[in-house]
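A short write-up of the structure that comes next.
The values are calculated or read from the model by the stated rules, or taken from the named source; none is laboratory data. Given the structure is predicted, the values throughout are model-derived calculations rather than measurements. When we count neighbours, we look across all protein chains shown, and the Cβ atoms used for this are built from the backbone with ideal geometry, even at glycine.
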Amino acid sequence: MSHRHASPPKSTLLAYVLWLLLGGFGIHRFYLRRFGSGALMLILTVVGYATTGVLIGFAMLIAVGLWWLLDALLIPGLVRQANGTPFPQNGGVSDPPNTGSNRF
């Protein structure tokens, strides 16, 4: 018998706060149950800082910085996924009514 506890829904506001304050470490991705990409972001940041003395670290930090900026746009969708909310079909635009005629 499995006991699954429903976790509280994820907050977009909290996700953005984590993104802003700790986003370079991928903490917002851990919060949104994106453990693999959160771990990758964390590793790239730590290794990037550790290797800035040999210059390769700067490339990693630039990549994480770009990823961090992109996440600002992705967070609403990641929150919907974490909460199990379906995405709107057709970009949220409803289908035109069917008139029964397919003439063009």
Quiz item: Restricting the search to region 62-89, which residues are free of Cβ contacts under 8 Å to residues at least 24 places away in the same chain and either over 19 Å from P9 (Cα atoms) or among the charged types (D, E, K, R) (or both)?
Solution: I62, A63, L66, L69, L70, L73, R80, Q89
Practice problem: Within region 3-43, count every residue that is closer than 12 Å to V79 by Cα and hydrophobic (A, V, I, L, M, F, W, C). | Solution: 5
Quiz item: Applying the selection to region 48-63, what residues are of a type in the set (S, T, N, Q) and modelled with pLDDT under 95?
Solution: T52
Exercise. For region 50-65, enumerate the residues that are surrounded by 14 or more Cβ atoms within 10 Å (Cβ to Cβ) and either within 12 Å of G24 (Cβ to Cβ) or hydrophobic (A, V, I, L, M, F, W, C) (or both).
Key: M60, L61, A63, V64, G65
Quiz item: Which of the residues belonging to region 33-61 are touching a Phe, Trp or Tyr at 6+ places or on another chain (Cβ under 9 Å) and not in a helix (DSSP H, G or I)?
Solution: T51
Quiz item: Scanning region 1-47 for residues that are surrounded by fewer than 19 Cβ atoms within 10 Å (Cβ to Cβ), of a type in the set (S, T, Y) and modelled with pLDDT of 95 or more, which turns out nearest to the chain's Cα centre (by Cα)?
Solution: S37
